[in-house]
Amino acid sequence: MTSVTRFAPSPTGALHIGNIRTALINWLWARKSGGRFLLRMDDTDSARSTEDFAQGIRGDLAWLGLIPDSEVRQSDRFDLYEGRFAALRDAGHVYPCYETPEELDLRRKILLGRGLPPVYERTALKLSDADRATLEAEGRRPHWRFRLDHDQPIAWDDLIRGAQHFDAHALSDPVIRRADGSWLYMLPSAIDDVEMGVTHVVRGEDHVSNTAAQVQMFAALGASPPAFAHAALLTGAEGKLSKRLGSLGVDHFREAGIEPIAVKALLARLGTSDPVEPVVDTAPLVATFDFSRFGRAPARFDESELAQLNTRIVHQLPFGAVADRLPQGMDAEAWDAVRPNLITVADAAVWWRVVEGPVAVTPDPGDRDYLALAHRLVGEIDWSADPWHALTGALKIATGRKGKSLFLPLRRALTGMDHGPDMAALLPLIGRERALERLLP
Ligand code: GLU
């Protein structure tokens, strides 16, 4: 059976690091298993969902290289939900309730006050047709709950959390539809997972109790449930769920010069027993992906770890992976020369400016004669092979200088900086003409 995963964000905001990780895990499993990765916009909340957010999510996934094989939107599927809902209602799997939020809240408080779990007491199930008619005549419109089957034990073998058991008595019958007819997340999601042929529901562990109810919804819909994998949540560097994590998304990473592959390399391994590695493409992440590597403890996301990983990755990116983002004229040779000194790919432009010049330097008066000699030698050495070693070799013999006093005045004069890429790689890029100009006494 071909596996089908889905990433199901609500387009009510931008993706954050937690959603991105969920999308990635779904994508990795689809790629690993030769299956399909679907995007489902959970946009039943028409007041909060916007097309701008949906576009933003598509753009973020594109930047990350997590391209869905197809996309559906829940707002296009209301007819489907209506039909399934009618069948569930006729079979007694959903029932109308008339309590106001205030009444429900009061009941919850009373139960808690008595030390009891605040589980919905199914008061609405005890209403007679006449009671309902009276309530409706008073202008009350029902919201709807899914009736959990208290006789059915709820269990599944979670691909990350292992064997899961829930007692249906301990759960409230979930509200699936509001009095205004709008849908809550639970039922449309289960209907879609059936209709879309989803084989693996992969999401954060904040959905575990939803899964308990949804397992019974699948049964009521006449379908067998998919496999489930609930990943432990991410925590901030300071060890707790932070607001900051909720604001870290693709825009932030892009502005910070973080490569999409760095985000994926970190998130694919965070919270697993495999080490985070500076990979330059997703092939090794796909090849090693395995739900059983994920642990149950919260995974710590540290922005500085991401930045460091990014830099290690940048140092290995091939020219082809960055060519379209480099300044005009910068070729593979130039990329290889500056790459070891970069923090982000954008920094390549800084070194390219150094190559192209002009560079401003006021040489140390004590180095004037030395640089004049260097200027003469630059005109004489063989530029075809290794001009830097030819130049410094000749200067060493002529002056007896070595180490820093040999190299640093040259680096300063040629680049305007005290540090930077290997001069042996940089000097051929600067070239004879510019070198002569910069060493002019
Ligand atoms: N729209 C839900 C969310 O963003 C989807 C959860 C799920 O994957 O089923 O939390």
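General observations
- Considering only beta bridges that DSSP places wholly inside the chain, some 45 percent are antiparallel.
- Taking amide hydrogens as placed 1.01 Å from N in the peptide plane, the amide H of LEU159 sits under 5 Å from those of PHE228, ALA229, HIS230, each at least 5 positions away in sequence or on another chain.
- Under the convention that each Lys and Arg Cβ holds +1 and each Asp and Glu Cβ holds -1, the size of the dipole of the range 1-114 around its Cα centre is about 640 debye.
- Candidates HIS315, LEU245, PHE228 compared by Cα position along the dipole of the chain: farthest toward the positive end lies HIS315, with charges placed on Cβ.
- Environment charge of GLY416, counting only residues whose C-beta is closer than 11 Å and scoring Lys/Arg +1, Asp/Glu -1: +3
- Amide proton proximity set for MET41, modelled H, under 5 Å, gap of 5+: VAL72, ARG73, GLN74
- Global form of the range 116-178, assessed from the alpha-carbon gyration tensor, a/c cut-off 1.5: prolate
- Most positive-pole-ward Cα, LEU266, GLY329, GLY403, against dipole of the range 250-408 from beta carbon charges: GLY403
- Cα gyration tensor category, rounded, prolate or oblate, for the range 51-108 with a/c compared to 1.5: oblate
- For THR235, the amide hydrogen comes within under 5 Å of the amide hydrogens of ALA299, ARG300, PHE301, counting only partners 5 or more places away or on other chains and with H modelled in the peptide plane.
- Residue among GLY83, LEU414, GLY295 farthest towards the positive dipole end of the chain, charges placed on Cβ: LEU414
- Residue exposure sequence - TRP351, TRP383 - by fewest surrounding Cβ within 10 Å: TRP383, TRP351
- Around the Cα centre of the chain, unit charges on the Cβ atoms of Lys, Arg, Asp and Glu (plus for the first two, minus for the last two) sum to a dipole of about 900 debye.
- Ordered by the count of other Cβ atoms within 10 Å of each Cβ, fewest first, HIS230, HIS169 give HIS169, HIS230.
- Neighbours of THR199 by Cβ distance under 12 Å: Lys/Arg scored +1, Asp/Glu scored -1, total +1.
- Structure-based [θ]222 nm, the chain - -39500 (n - 2.57) summed over DSSP H runs of at least 4, per residue, nearest 500: -13500 deg cm²/dmol
- Assigned charges on the beta-carbon of Lys, Arg, Asp, Glu; the range 357-429 dipole about Cα centre (debye): 200 debye
- Candidate cross-link partners of LYS109 among the aspartates and glutamates, defined by an alpha-carbon separation under 18 Å and a same-chain spacing of 8 or more, comprise GLU99, GLU121, ASP173.
- Taking ASP149, ASP281, ASP131 in turn, the Gaussian network model of the chain (Cα-Cα springs below 10 Å) assigns the largest fluctuation to ASP131.
Rule-based calculations on the coordinates, nothing more; no lab input. Values in this document were obtained by computation on a predicted structure and should not be read as measured data. Cβ coordinates were reconstructed from backbone atoms using ideal geometry, including for glycine residues, and neighbour counts include every protein chain displayed.
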